[in-house]
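A.B. asks: Before we start, here is the structure in question, set down as structure tokens.
The values are calculated or read from the model by the stated rules, or taken from the named source; none is laboratory data. These figures come from a predicted structure and were not determined experimentally. All Cβ positions, glycine included, derive from the backbone under ideal geometry; neighbour counts span all protein chains shown. These area figures cover heavy atoms from the full protein model, side chains too; ligands, DNA and RNA do not enter into them. Shrake-Rupley method; radii C 1.70, N 1.55, O 1.52, S 1.80 Å.
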Amino acid sequence: MLTANKLMPQGRGLAPVLLKRAATIELDWDIRQKSRFDATDSQGRQIGVFLPRGTAVRGGDVLVAEDGSLVRVVAAPQPVLRITHCTAHGTPFDLTRAAYHLGNRHVPIELKPDHLKIEPDHVLADMLRSMHLIVVAVEEAFEPEGGAYGSHEHSHGHGHDHHGHDHHDHGHSHGSSAGKGPKPLVLAPELLDDHDHSHHDHGHGHHGHSH
């Protein structure tokens, strides 16, 4: 089994041709919110992922395996509830109010300009419908706001914990890594895009999610 303990948010700094050639791994949110898990990539390789506790993996992120190979993460479609406002009897502000009430219940929410997405829950669905919102069950990728899980995204691209390689540690850790400072990710020059050799900070770009 290959080990991957480095994460490149959105493949930042990699040449597009390398991203296109990279193996892929399709994971739903239940797996991607865990910092340690096993999975099989598109080339049939078993990958053991060990990231700092509290790290969430987003669709488009790239894992770097111990042999230097790249694995691009794809957010798998999964059952979710798509919430929109009723154009006949409501306003877009209804979605803001819904997000407030869902947030009070610590529900993971994906925020979009014209809709919300949450994991299936018939009690919440009934509550939202009582607020004159339209709730539809669909199969789509789910990328909830990081705020529902503490500081997961803050660990992206930082030094990765090589301790506690426990394949069965699937607990939902909400704290961010502490102690040791970040270790730089070093790649061979040929893996880098010609336009990114100056190490300029281009931001983390997590799908427009707020931290």
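A.B. asks: Take Thr55, Thr87, Thr40, Thr24 and sort them by solvent-accessible surface of the protein heavy atoms, 1.4 Å probe, largest at the top.
C.D. replies: Sorted by accessible area, descending: Thr87, Thr40, Thr24, Thr55.
A.B. asks: Could you tally the net charge around Val62, taking each other residue with its Cβ under 11 Å from the Cβ of Val62, Lys/Arg +1 and Asp/Glu -1?
C.D. replies: +3
A.B. asks: Under 1.5 on a/c is rounded, so check that first for segment 1-56, then, if it is not, pick prolate when a/b is larger than b/c and oblate when it is not; a ≥ b ≥ c are the square roots of the alpha carbon gyration tensor eigenvalues.
C.D. replies: oblate
A.B. asks: Calculate log10 I(q)/I(0) of segment 1-121 for q = 0.11, 0.13, 0.18 Å⁻¹, where I(q) comes from the Debye formula with a single equal point scatterer on each Cα and nothing for solvent.
C.D. replies: One equal scatterer on each Cα of segment 1-121 leads to -0.48, -0.62, -0.92.
A.B. asks: Ordered by packing density, taken as the mean number of other Cβ atoms within 10 Å over each peptide's residues, highest first, how do 93-99, 71-77, 57-63 rank?
C.D. replies: Values: 93-99: 16.6, 71-77: 19.4, 57-63: 22.6.
Answer by packing, highest mean first, reads 57-63, 71-77, 93-99.
A.B. asks: Taking all protein chains as present, what is the carbon and sulfur share of the accessible area of segment 56-100, in % to the nearest whole number, probe 1.4 Å?
C.D. replies: 61
A.B. asks: Measuring with a 1.4 Å probe in the full set of protein chains, what accessible area per residue, in whole Å², belongs to segment 31-104? Show your work: numbers first, answer last.
C.D. replies: Details: 2860 Å² over 74 residues.
Spelled out: the 1.4 Å probe surface of segment 31-104, per residue, equals 39 Å².
A.B. asks: Given a cut-off of under 8 Å on Cα pairs at least six residues apart, what relative contact order in percent is computed for segment 59-117?
C.D. replies: Details: 50 pairs, mean separation 16.0, N = 59.
It rounds to 27 percent for segment 59-117.
A.B. asks: Within segment 1-49, what whole-number % of the accessible surface is contributed by carbon and sulfur, with the 1.4 Å probe and all protein chains included in the calculation?
C.D. replies: 46
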